[in-house]
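Colleague: Got a structure here, written out as structure tokens. Questions coming.
The values are calculated or read from the model by the stated rules, or taken from the named source; none is laboratory data. Here the structure is a predicted model, which is why all the values come from computation and not from measurement. So basically every Cβ, Gly included, is an ideal-geometry build from the backbone, and we count neighbours across all protein chains shown.
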Amino acid sequence: MAEVIITLGIIGIVSAMTIPTLINNYAKKSTISELKKVYSTLAQAIKLSQVENGDMMYWDFVDMLPREFFEKYLASYLKVGSPFLYSDISSEIKYYRPNGSVEKDFTFLYDNAIIYILSNGVALFFSGVKNVYTGKHVSFLVDINGYKNGPNRFGRDVFVFTIHRDHGVMPYGYDKTSDTDKYQELDRDTLLNSPRYGCRNDKENTSTNGAYCFGLIFFDNWEIKDDYPW
């Protein structure tokens, strides 16, 4: 009996040590899988749209509001519900930075942001204001499991994408698509350490919101590495 109890105790200890790791690894793989699905879905929608609307090089990235752009060039090629404002849910739904603080200073989470829900539950958030940067892209926030499901945290189930005139579907920040680090190409140090958008769990700089986390995963060949703020 004593030997059985000792064996069960050892099994319990080993399980306690390994099960959390297995759960974490599964969650990471699931996140990557869902990100790839969104990326592929958007890329396919662009291809279909170009058949009807011409080469993306000639799409109107300058004068249209993000909502107008999405409805003209992409919505018809995606299964989406009726759009609504973030203000309709902002009193109940909050979004969080990697360090756990609330993110409320990002344009995709202003009350006038427009939300579309895809048929698979993915939520797309578009800024309610006109793009004033390169005139070559439209960026938007993606909640891969929908706003009703947690953790609603940047880098876990919330990522920022860009539709770029010259590059197609890309992570936010690529080729001057963010308002701060106007770097030309994906750079891992910037993706990690940008003061505003860096993909890290920064306890001291509470304004770091992790918007570059999709960029980091993309740069790392669709992997979540050890220094990722999981």
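Colleague: Being more than 15 Å from PHE214 (Cα to Cα), among the hydrophobic types (A, V, I, L, M, F, W, C) and in contact (Cβ under 8 Å) with a residue 60 or more places away in the chain narrows it down to one of VAL138, VAL169, so name that one.
Modeller: Of the residues listed, the single one that is more than 15 Å from PHE214 (Cα to Cα), among the hydrophobic types (A, V, I, L, M, F, W, C) and in contact (Cβ under 8 Å) with a residue 60 or more places away in the chain is VAL138.
Colleague: Something else about it: Listed residues PHE154, PHE159; which is in contact with a strand residue (DSSP E or B) (Cβ under 6 Å, 6 or more places away or on another chain), at pLDDT 95 or above and closer than 27 Å to ASP88 by Cα?
Modeller: After applying the criteria, what remains is PHE159.
For every residue, the table says whether it meets (1) at pLDDT below 95; (2) within 16 Å of VAL38 (Cα to Cα); (3) under 12 Å from the mean Cα position of the chain (by Cα).
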position: SER194; (1), (2), (3): yes, no, no
position: GLY198; (1), (2), (3): yes, no, no
position: THR206; (1), (2), (3): yes, no, no
position: GLY210; (1), (2), (3): no, no, yes
position: ILE217; (1), (2), (3): no, yes, yes
position: ASP220; (1), (2), (3): no, no, no
position: ILE224; (1), (2), (3): no, no, no
position: TYR228; (1), (2), (3): no, no, no
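Colleague: Quick one: which strands (runs of 3 or more DSSP E) lie wholly within the stretch 100-146 and hold at least 3 residues that are closer than 30 Å to GLU204 by Cβ and touching a helix residue (DSSP H, G or I) at 6+ places or on another chain (Cβ under 7 Å)?
Modeller: Those strands (runs of 3 or more DSSP E) span 137-143.
Colleague: Then there's this: All but one of (1) surrounded by 18 or more Cβ atoms within 10 Å (Cβ to Cβ); (2) out of contact with any Asp or Glu (no Cβ under 7 Å at 6 or more places or on another chain); (3) under 18 Å from ALA75 (Cβ atoms) hold for ALA123, so report the exception by its number.
Modeller: Result: ALA123 fails condition (2) only.
Colleague: A further question on this structure: Taking the options ASP227, ASP143, ASP175, ASP220, name whichever one is surrounded by 16 or more Cβ atoms within 10 Å (Cβ to Cβ), of a type outside the set (Ser, Thr, Tyr), free of Cβ contacts under 8 Å to residues at least 60 places away in the same chain and more than 17 Å from GLU103 (Cβ to Cβ).
Modeller: One residue alone meets the criteria, ASP175.
Colleague: Could you tell me which of the residues THR177, THR206, THR190 is farther than 25 Å from GLU68 by Cβ, among the β-branched types (Val, Ile, Thr) and part of a loop (DSSP other than H, G, I, E, B)?
Modeller: Matching residue, one of THR177, THR206, THR190: THR206.
Colleague: To continue, here is another question. Since GLU34 meets every condition but one in (1) in a loop (DSSP other than H, G, I, E, B); (2) surrounded by 17 or more Cβ atoms within 10 Å (Cβ to Cβ); (3) not β-branched (Val, Ile, Thr), which condition does it not meet?
Modeller: With respect to (1) in a loop (DSSP other than H, G, I, E, B); (2) surrounded by 17 or more Cβ atoms within 10 Å (Cβ to Cβ); (3) not β-branched (Val, Ile, Thr), GLU34 is out only on (1).
Colleague: Out of all the residues in the stretch 69-91, which are farther than 18 Å from PHE161 by Cβ, at pLDDT 95 or above, not in a strand (DSSP E or B) and not hydroxyl-bearing (Ser, Thr, Tyr)?
Modeller: Across the stretch 69-91, the qualifying residues are ASP88, ILE89.
Colleague: Could you tell me which of the residues TYR86, TYR110 is out of contact with any strand residue (DSSP E or B) (no Cβ under 8 Å at 6 or more places or on another chain), aromatic (Phe, Trp, Tyr) and surrounded by 17 or more Cβ atoms within 10 Å (Cβ to Cβ)?
Modeller: Going through TYR86, TYR110 in turn, the sole match is TYR110.
Colleague: Assess whether GLY210 counts as being surrounded by 14 or more Cβ atoms within 10 Å (Cβ to Cβ), out of contact with any His (no Cβ under 8 Å at 6 or more places or on another chain) and either touching a residue at least 60 places away in the same chain (Cβ under 8 Å) or not polar (S, T, N, Q) (or both).
Modeller: Spelling it out, GLY210 is indeed surrounded by 14 or more Cβ atoms within 10 Å (Cβ to Cβ), out of contact with any His (no Cβ under 8 Å at 6 or more places or on another chain) and either touching a residue at least 60 places away in the same chain (Cβ under 8 Å) or not polar (S, T, N, Q) (or both).
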